[in-house]
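Written below as structure tokens is the structure these notes are about.
The values are calculated or read from the model by the stated rules, or taken from the named source; none is laboratory data. The shown structure was predicted, so the numbers you read here are calculated from the model rather than taken from an experiment. Every residue, glycine as well, gets a Cβ built from its backbone with ideal geometry; the counts of neighbours run over all protein chains shown.
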Amino acid sequence: CARAPMYDFQEELVIRPLHSGDIYASFQFRTVWDADFMGDQKVSHYRLFPKSLGQVITKFSVRELHISFTQGYWRTMQWGQPYLPSPPGAELWVWFQDTVTDVDGTWKELTNVLSGIFCASLNFIDSTNTVQPSASFKPLGIGNVTDHSFLRYATLPREIVCTENLTPWKKLLPCGSKAGLSVLLKSEKLFHSTFHSQAVHVRPVCQDPQCRTTSMELRQTLNVVFDLHTSGQGKREWSLFKMFSRTLTEACPLASSSKVYVDVTDNPQVRPFELSPATPLLTQAVVLGDRRTYSVYDLTQQASFGSSRSLNMLLRWKAADGEMLRPLLHSERYVAGYGLQAGEIHTLIYNHHPYRAFPVLLLSAVPWYLRLYIHTLTVSSKGKDNRPSYIHYQPSKDRERPHLLEMLLQLPPNSVTEVTVEFERALLKWTEYTPDPNHGFYVGSSVISALVPSVVAMDTNSTLDRPLFSSFFPCKEEASYFMRVYTEPLLVNLPTPDFSMPYNVICLTCTVVAVGYGSLYNLLTRTFQVDEPSPGLAKRIANVIRRFRGVPLL
Amino acid sequence: DLNDKAGQFFNSGHTNNWAVLVCTSRFWFNYRHVANTLSVYRSVKRLGIPDSRIVLMLADDMACNHRNPKPATVFSHKNMELNVYGDDVEVDYRGYEVTVENFLRVLTGRLPASTPRSKRLLSDDRSNILIYLTGHGGNGFLKFQDSEEISNVELADAFEQMWQKRRYNELLFIIDTCQGASMYERFYSPNLMALASSQVGEDSLSHQPDLAIGVHLMDRYTFYLLEFLEDIHPSSTTNMNQLFKVCPKSQCVSTPGHRTDLFLRDPGRVLITDFFGSVRKVEITMETINLSSPMEPLPER
């Protein structure tokens, strides 16, 4: 008699005040399901795991799926590092299982199905914007896969995120938007923010340290940064009601754990803000290479809600903040040059660690209509040439494949590394232009993946009970943690024809032909006859009388 | 009298309702076309048609546009009275996907095999379909996304294909563009009823601007259509003749037109909810059924 598959659902919200006065809220909803998708048993009974995703995973033999929709750009220098990075627009990367025979065909069908589930135009993902990274996107779940032919990565930098993407995302949650932390997700407040990112991550995880049983983990994450001036009305005082226009009244009944964490790390000795209602629960967690202290509100305990039966955290600032810790890894990217023929892409990677050097993997996928001249690729740090130890380059094919450039760079301590490559703009066929071509064409963000040296020892035991925000990226060594940084997307203008020209040409040609040919024809075939001028009035009356009399006319 | 009631019960031969709502204009100053489409979407959802039966096509995003001072909202009345975008909206085709080819493929059902269900019009011969188009148009054409156009001949042929493939029972076509009546001139398939916001040679005008948002919020015809539909509830018995009277020349400045010669039933007997709502036919019985009477035992398995 088979054991019924076990489910576990946890929800959590982390609130982290930022040094610039803004506030960062990160939701994570995690469903772990004991079913074995990779085995032979057909999965047909769904309880907490959403059926639409489960069917997609089974039908397309997906091992890992990561999809994110982001509006806005994460400002690392002002806000620090995010718990879960994501590039502007839509990003989708999938590891297929090794039983799949036609990965490209399955990828195309998968993107179409996902576009229907998330109400996004993911069907625009095709071979012209899909790449197979060879090193940057290792599986985040279990599995020691080395064959990168089963990995596909694509971004749509132009994709818009709005309520129609949030609605189906909320419907995947076990409690929907009715109970628990998801009641806070109201679109009018969420989209009136500087940064909004929602994502779905599906991956297989181990249930015990020896990894004898595996289960499927679904994490739905939502990161939002509320601006001090637009949402905060300029006053540095934040509360749940001010951020979301709702307060919490209960935990999701299906959740085994429902917690709210507020980052209250003392900086340096005195906490700059006051948190109410006070809570005795304090926990420490090592996240992003730093040990931080959090006040915890446990929503499964009735006492958290107090006498008013609703929980509204209030953060009031008394003193100014201290200095922000500079993020160790940061990057920028821009297009240089002038005119519509050629240009240069500059990527700057900053290493702010005072004495440690560390390697980073840079992945750039550039569309085929920017023809990169790889022989002009230069990498320099502190003015000197910095040769990458590993380069994987796949040249583009017109209208079929984009450029893929992956490099392993060693960043010297306290330095800026500049990667430059020249390109030439292609002239597209007139049917390939978008309806608004003068807006420009987007180039997706570059991805920088690195193992950054950590200030405190990281915890490598993945099965311990830890807050969700600290357990997203797997940690294999104690001295460093994994980080991914996305650069800005680029907006380049391609030489755009004047689309009214076909109409102008037709009008002009027809006029020239009509006037030219018509005149020539007339000249050649027209004959002239002498015509008597019409007589005056007196003569005409005289002619009439003469006609009566039968006498010849004048 | 019972015969009359039975006749009314089996009046329309449809069993399910579909709606295809299309906004064809791009750019921020065409906010009103998106608001038009969303207000019809809102009415149709309110009267019972679920999202799985609505194909909503919006050519541009106004709600989360960076020029929108109130993100995630689209208003139809000035002073921000009514947010037609709401919190529960599913857009099936958006942005660059709204093309003439995709629109005709949705209507005729000739979509690639991997198209998801939410993007298909899975109607059968017992479906009543509401098709609403809005945007910029002219004499005999409707402009899609400022770069291509659909002609009235193509539209008529698409409807004929739908009729030949038995993809609709009855079809109501509403168009709110300049010279909208030219779009239904060429229809030749049976069971089509059409309404337009203006005659050939006339322009459809927009309603009112909102000074905070900075654009015109709605077109006049759809504004008064929305007001008319707000009074309709799932059990109302208003018929099509009242719909033809929506927005007379005094309110609309243009002359709305309609065409019913291809429609087999009398428009006075067609309910608004036959097209705008999804009304389940419920039969009320007056006799009681005794549930406590002894049941016959089932045969042993």
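Tabulated results
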| read-out | value |
| --- | --- |
| Looking only at the stretch B:87-122, and only at residues there that are in a loop (DSSP other than H, G, I, E, B) and under 17 Å from B:Ile150 (Cβ atoms), the one that is nearest to the chain's Cα centre (by Cα) | B:Leu121 |
| In the stretch A:83-105, residue surrounded by the fewest Cβ atoms within 10 Å (Cβ to Cβ) [restricted to those that are out of contact with any helix residue (DSSP H, G or I) (no Cβ under 9 Å at 6 or more places or on another chain) and within 14 Å of chain B (Cβ to nearest Cβ)] | A:Asp102 |
| Qualifying positions in the stretch A:170-190 - closer than 21 Å to A:Pro85 by Cβ and surrounded by fewer than 22 Cβ atoms within 10 Å (Cβ to Cβ) | A:Leu185 |
| Those residues of the stretch A:154-178 which are within 12 Å of chain B (Cβ to nearest Cβ), out of contact with any Ser or Thr (no Cβ under 6 Å at 6 or more places or on another chain) and under 23 Å from A:Ser121 (Cα atoms), in sequence order | A:Leu156, A:Arg158, A:Glu159, A:Ile160, A:Val161, A:Cys162, A:Glu164, A:Asn165, A:Thr167, A:Pro168, A:Trp169, A:Lys171 |
| Residue that is in contact with a His (Cβ under 6 Å, 6 or more places away or on another chain) and away from every other protein chain (no Cβ under 12 Å), where the choices are B:Gly140, B:Gly135, B:Gly109 | B:Gly135 |
| Test set (1) in contact (Cβ under 8 Å) with a residue 24 or more places away in the chain; (2) on the phi < 0 side of the Ramachandran plot - A:Asp436 fails condition number | (1) |
| The stretch B:103-114, subset out of contact with any helix residue (DSSP H, G or I) (no Cβ under 6 Å at 6 or more places or on another chain) and surrounded by fewer than 19 Cβ atoms within 10 Å (Cβ to Cβ), residue farthest from B:Gly135 (Cα to Cα) | B:Ala113 |
| Helices (runs of 4 or more DSSP H) enclosed by the stretch B:164-258 - at least 1 residues per element that are farther than 30 Å from B:Thr73 by Cα | B:240-244, B:249-252 |
| Tally of residues being within 15 Å of A:Ala251 (Cβ to Cβ) and out of contact with any Lys or Arg (no Cβ under 6 Å at 6 or more places or on another chain) across the stretch A:293-312 | 12 |
| Residue that is surrounded by the fewest Cβ atoms within 10 Å (Cβ to Cβ) [pool: residues in the stretch A:311-353 that are among the charged types (D, E, K, R) and at pLDDT 85 or above] | A:Arg316 |
| Which listed residue is more than 14 Å from every other protein chain (Cβ to nearest Cβ), surrounded by 12 or more Cβ atoms within 10 Å (Cβ to Cβ) and farther than 30 Å from A:Pro359 by Cα, from A:Asn522, A:Asn493, A:Asn504 | A:Asn493 |
| B:Glu90 being modelled with pLDDT under 95, touching a strand residue (DSSP E or B) at 6+ places or on another chain (Cβ under 9 Å) and either buried (at least 18 other Cβ atoms within 10 Å of the Cβ) or small (Gly, Ala, Ser) (or both) | yes |
| Some residue of the stretch B:77-86 being acidic (Asp, Glu), at the interface with chain A (Cβ under 9 Å from one of its Cβ atoms) and part of a loop (DSSP other than H, G, I, E, B) | no |
| Yes/no for A:Thr130 being among the β-branched types (Val, Ile, Thr) and farther than 30 Å from A:Pro435 by Cβ | no |
| Residue under evaluation A:Ala457, criteria (1) of a type in the set (A, V, I, L, M); (2) in contact with a helix residue (DSSP H, G or I) (Cβ under 8 Å, 6 or more places away or on another chain); (3) part of a loop (DSSP other than H, G, I, E, B), criterion not met | (2) |
| When residues of the stretch B:143-157 are limited to those that are in contact with a Lys or Arg (Cβ under 8 Å, 6 or more places away or on another chain) and within 14 Å of chain A (Cβ to nearest Cβ), the one surrounded by the most Cβ atoms within 10 Å (Cβ to Cβ) | B:Gln145 |
| Residue within the stretch B:188-206 that is in contact with an Asp or Glu (Cβ under 7 Å, 6 or more places away or on another chain), surrounded by fewer than 18 Cβ atoms within 10 Å (Cβ to Cβ), among the aromatic types (Phe, Trp, Tyr) and closer than 30 Å to B:Leu122 by Cβ present | yes |
| Tally, over the stretch A:179-200, of residues that are more than 11 Å from chain B (Cβ to nearest Cβ) and either within 12 Å of A:Leu222 (Cβ to Cβ) or assigned to a loop (DSSP other than H, G, I, E, B) (or both) | 10 |
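The rows are residues; the columns are (1) without any contact (Cβ under 8 Å) to a residue 60 or more places away in the chain; (2) more than 21 Å from A:Ile125 (Cβ to Cβ).
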{"residue": "A:Arg356", "(1), (2)": "no, yes"}
{"residue": "A:Tyr369", "(1), (2)": "no, no"}
{"residue": "A:Arg387", "(1), (2)": "yes, yes"}
{"residue": "A:Gln394", "(1), (2)": "no, no"}
{"residue": "A:Arg401", "(1), (2)": "no, no"}
